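Below is one structure; the comments refer to it alone.
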Amino acid sequence: MKRSYLKLLIDIVMAVAVIMLMEPHVTGLRAHELGGLLIFVVFLVHALLNWKWIACMTGQFFTKLPMKSRVNYCLDALLAMGFFLIALSGMAIAKTIDFTWLPLPGNMMFWRMLHGSAALLTFTAAGIHVGLHWKWVLCHCKKRNQEVVHA
């Protein structure tokens, strides 16, 4: 499988999983917590697959870059922080998985508010991220369909 199609598949899996995880009553709390950990791992894989771009943009951020590249980089940084905060706060409020070994200060209300707020902001940022990359998605879907038809 080509690397670009692997990236697209991971993106689709992440999008579907994030939507399913937005309401724990639908999936059940245990599935929500396990799914949340899994989506965080998938996010890390996504970042690793795009590491060359991340490293390049980090090194060139304060040089002459197109505005679109800067916006994408800032949005990606916001998404990374969001996923980290969702995972951290999720571990702090988990009920079916024991994370008491983590020294997380603060009370349950703080972590619940952080979890909900970070999830909504990250979900919104992810929607913008998809919108900014929509042309890439369509291009790869079109190429994939042409390959299947000609196979």
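Details
- Count of Lys pairs (Cα-Cα under 17 Å; at least 8 positions apart or interchain) in the range 3-150: 6
- Reported to the nearest whole Å, the Cα centre-to-centre distance from the range 125-144 to the range 14-54 is 18.
- Under the Debye formula (equal points on every Cα, no solvent term), log10 I(q)/I(0) of the chain at q = 0.20 Å⁻¹: -1.29
- A protection proxy built from the mean count of other Cβ atoms within 10 Å ranks the segments 131-142, 33-44, most packed first, as 33-44, 131-142.
- One chain, two ends: residue 20 and residue 95. Fully extended at 0.36 nm per residue, the span grows by 25.1 nm beyond their Cα-Cα distance.
- Computed about its Cα centre, the charge dipole of the range 3-150 is approximately 600 debye, with only Lys, Arg, Asp and Glu carrying charge at their Cβ.
- Spin-label model, residue 123 to residue 81: label points 7 Å out along the Cα-to-beta-carbon direction sit 2.1 nm apart.
- Pairwise label distance in nanometres, residue 44 with residue 65, each label 7 Å out on the Cα-Cβ vector: 2.4 nm
- The range 94-138 shape via C-alpha gyration tensor axes, a/c threshold 1.5: prolate
Coordinate-derived values only; no laboratory data. Computed from a prediction, not measured in an experiment: that's the story for all the values here. Glycine also receives a Cβ, built like all others from the backbone with ideal geometry; neighbour counts cover every protein chain displayed.
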